[in-house]
Amino acid sequence: MASAPPQETSTFVGHPPLPSYEEALGSNPQDPPMPYAPADMKTSVPPYPTQAYSPMYPPPPHQGQPVTSPVVSVQTVYVQPGLVFGSVPVQAHCPVCARNVITRLEYTSGALTWLSCAGLTIFGCIYGCCLIPFCVDSLKDVTHHCPNCSSVLGVHRRM
Ligand SMILES: [Zn+2]
């Protein structure tokens, strides 16, 4: 009776065979094959999606889905709160006659007019020169009137 040498079998038990390449990569044989396997590289179908670039901006509204994004509707409304009455005629809405009008300006002497007069007097501009600010419209307050009903729509004060 020939008996196998026990040393050789014990050697294999102590050193199991090394895992194969696929086992080392951790691939499970139950997994479906990869769609972009290297074998498909030579086929006509590109391994990457045909839409190479993802849209950086939202798609235009004509791509099927109804537009649900908040679109600010443009309305031709002459907003009154943002209206600033300055030294030039402006377009305003008169609440009295309910019309959009271009304001008519009226210059009245205000604080800046009197301060300019006092300043000229202090610096020696007497004998009527101190009255020059009362003739300069850019130193006066501006009152905006409605050209139709002459109602006051706004006042622009220099100081
Ligand atoms: Zn009016």
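Key figures
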| quantity | calculated |
| --- | --- |
| Yes/no for C117 being over 19 Å from G82 (Cβ atoms), modelled with pLDDT under 95 and outside any loop (DSSP other than H, G, I, E, B) | yes |
| The stretch 111-125, residues that are open to solvent by 80 Å² or more (accessible area, probe 1.4 Å) and closer than 23 Å to V88 by Cα | W114, L115 |
| Conditions (1) within 16 Å of the ligand (Cβ to nearest atom); (2) open to solvent by 70 Å² or more (accessible area, probe 1.4 Å): number failed by L131 | (1) |
| Selected residue (criterion: farthest from P89 (Cα to Cα)) from residues of the stretch 134-148 that are surrounded by 18 or more Cβ atoms within 10 Å (Cβ to Cβ) and of a type in the set (A, V, I, L, M, F, W, C) | L139 |
| Residues located in the stretch 88-104, provided they are within 25 Å of M159 (Cα to Cα), open to solvent by less than 50 Å² (accessible area, probe 1.4 Å) and part of a loop (DSSP other than H, G, I, E, B) | V90, T103 |
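Every residue, every condition in (1) buried (at least 17 other Cβ atoms within 10 Å of the Cβ); (2) within 14 Å of the ligand (Cβ to nearest atom); (3) at pLDDT 90 or above, yes or no:
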| position | (1), (2), (3) |
| --- | --- |
| E106 | no, no, yes |
| S109 | no, no, yes |
| Y127 | no, no, no |
| G154 | no, yes, yes |
| M159 | no, no, no |
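The values are calculated or read from the model by the stated rules, or taken from the named source; none is laboratory data. Not measured: the values here are computed from a predicted model. Counting neighbours? That spans all protein chains shown, and the Cβs are built from the backbone with ideal geometry, glycine included. Quick note on the areas: whole protein, heavy atoms, side chains included, nothing else; ligands and nucleic acids left out. Shrake-Rupley method; radii C 1.70, N 1.55, O 1.52, S 1.80 Å.
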